[in-house]
Amino acid sequence: MTTASKPVVYMIVMPDNPISMYYRGRVESSWADRGFKLEYFKAVTPQTIAEQKHKLQFGLKQSPNPNRIREFSETEKAVWYSHFGVWNIARRKQSPIIVIEHDTLLLKPINSRIFKNVKMMGLCHSLLKDGTMGTTAGAGYYLTRDVADEMCREAMNREIKSNSDALIHRKIDKYGANWKTHYCEQIRDDSVGTTIHHG
């Protein structure tokens, strides 16, 4: 498969953040060495939320446990705006893209045939403390322009009550429950930490 036939990979990254750049350095060759073209999307941060053209409306973050309903943290809002920004790119493109976060490692080659007649696909997992695989919808997913447009409209026209992962997960299920999460892993180095702080 040639590079031209592969979806472009958009990595959400914070160029001014040492933790984000550490993870980028660990994972980018796993994509580039397998022939994927990487584009870097500068992540929205709590400091740049106010600069965003489209204003998303955040309600209270819902939970099955009434005692855990709370305000969104500023980093959770920033993650929302970051994915929303990439969706706005995807909705203007003729060709589908792959969206990844800065800590998403490609574990094995992806044959583009798996995307035939697919509108969206989840590609990533994380390892839980018990050693099992957990789904991480927002860490790596394949996205077509029609679904990106649908997601942008939904984000702009509804009060947001869950993390962006929940919307991504729901859309993957809606369009055929296309989960191929063995392709990528969201890595974590406990000595470095992460860039996301939940409320």
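Some points to look at:
- Pairing residues of the range 81-108 that are among the aliphatic types (A, V, I, L, M) with residues that are in a loop (DSSP other than H, G, I, E, B) and at pLDDT below 95, at Cβ distances under 6 Å and at least 6 apart in sequence or on separate chains, gives L105/I187.
- Annotation: E39 fulfils all but one of (1) crowded, with 16+ Cβ neighbours inside 10 Å; (2) touching a strand residue (DSSP E or B) at 6+ places or on another chain (Cβ under 7 Å); (3) closer than 24 Å to T195 by Cα; the unmet one is (1).
- A search for C-beta distances below 7 Å between a residue of the range 59-77 that is more than 22 Å from T195 (Cα to Cα) and any residue that is of a type in the set (A, V, I, L, M, F, W, C) and surrounded by 14 or more Cβ atoms within 10 Å (Cβ to Cβ), counting only pairs 6+ apart in sequence or on different chains, returns G59/I160.
- Residue match in the range 127-134 (condition: surrounded by 15 or more Cβ atoms within 10 Å (Cβ to Cβ) and not in a helix (DSSP H, G or I)): no
- The condition of being under 20 Å from the mean Cα position of the chain (by Cα), of a type outside the set (A, V, I, L, M) and surrounded by 13 or more Cβ atoms within 10 Å (Cβ to Cβ) holds for K61.
- Restricting the range 47-58 to residues that are surrounded by 14 or more Cβ atoms within 10 Å (Cβ to Cβ) and of a type outside the set (V, I, T) leaves a set whose member that is farthest from I100 (Cα to Cα) is F58.
- Considering the range 70-89, and only residues there that are in a helix (DSSP H, G or I) and among the aromatic types (F, W, Y), the residue that is surrounded by the most Cβ atoms within 10 Å (Cβ to Cβ) turns out to be W87.
- Scanning the range 96-151 for residues that are among the small types (G, A, S), more than 19 Å from D190 (Cβ to Cβ) and within 18 Å of the chain's Cα centre (by Cα) yields a count of 5.
- Among (1) at pLDDT 95 or above; (2) closer than 21 Å to I160 by Cβ; (3) outside any helix (DSSP H, G or I) - the single one F36 does not satisfy: (2)
- Pick from the range 1-39, criterion aromatic (F, W, Y) and out of contact with any helix residue (DSSP H, G or I) (no Cβ under 8 Å at 6 or more places or on another chain), ranking: farthest from H102 (Cα to Cα): W31
- Pair list, Cβ < 8 Å and 6+ apart or interchain, from the range 124-136 residues that are within 24 Å of V79 (Cα to Cα) and touching a residue at least 12 places away in the same chain (Cβ under 8 Å) to residues that are surrounded by fewer than 17 Cβ atoms within 10 Å (Cβ to Cβ) and small (G, A, S): H125/G134; S126/G134; L127/G134
- Residue tally, condition touching a helix residue (DSSP H, G or I) at 6+ places or on another chain (Cβ under 6 Å) and either within 16 Å of A166 (Cβ to Cβ) or at pLDDT below 95 (or both), over the range 82-92: 3
Let's see how each residue does on (1) under 18 Å from Y23 (Cα atoms); (2) polar (S, T, N, Q); (3) in a strand (DSSP E or B):
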site	(1), (2), (3)
K93	no, no, no
P109	no, no, no
G138	yes, no, no
D149	no, no, no
C152	no, no, no
M156	no, no, no
G176	no, no, no
K180	no, no, yes
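The values are calculated or read from the model by the stated rules, or taken from the named source; none is laboratory data. Here the structure is a predicted model, which means the values were calculated and not measured. Neighbour counts run over all protein chains shown; Cβ positions are idealised from the backbone, glycine included.
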